[in-house]
Amino acid sequence: MDALSVAEVIARLVGEGLMEEMQHASASPPAVVEDPIGFWFRMTPRGRIIWEAEGGYWRALWDARQRAIDEAAEAYCSSSNAKSSRGNGSFDPFQSARISPGWDLIAPSCPVIT
């Protein structure tokens, strides 16, 4: 996920009153991308209530995504094709993980056994 997408979500959450800025400055997406350290955010009480009610779903979804990536990487590294296809792009270990479009993934790094 790129920085501008994250900044747009932060700006939307601030606009909806679910998060607030600690320094009470305007949080436009370009401003957050340019200086993310300059913006500190926290959930508002309303945002915290919604997160407590729905956060478990999103944490479980994230955990499942991570497990799928880990399993695909493990399968790739243990496959007989891993050594011969490494670096030539002929095998995509994340194809089976069904990751959402727009998420940048890095191919797994397999230990080299000599």
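Does region 83-106 include one or more residues that are β-branched (V, I, T) and modelled with pLDDT under 80? Yes: region 83-106 contains one or more residues that are β-branched (V, I, T) and modelled with pLDDT under 80. Can you find a residue that is assigned to a loop (DSSP other than H, G, I, E, B) and either in contact with a helix residue (DSSP H, G or I) (Cβ under 8 Å, 6 or more places away or on another chain) or modelled with pLDDT under 55 (or both) anywhere in region 58-79? No, that holds for no residue.
The values are calculated or read from the model by the stated rules, or taken from the named source; none is laboratory data. Keep in mind that this is a model prediction, so the values were computed, not measured. As a convention, Cβ positions derive from the backbone with ideal geometry for all residues, glycine included, and neighbour counts pool all protein chains shown.
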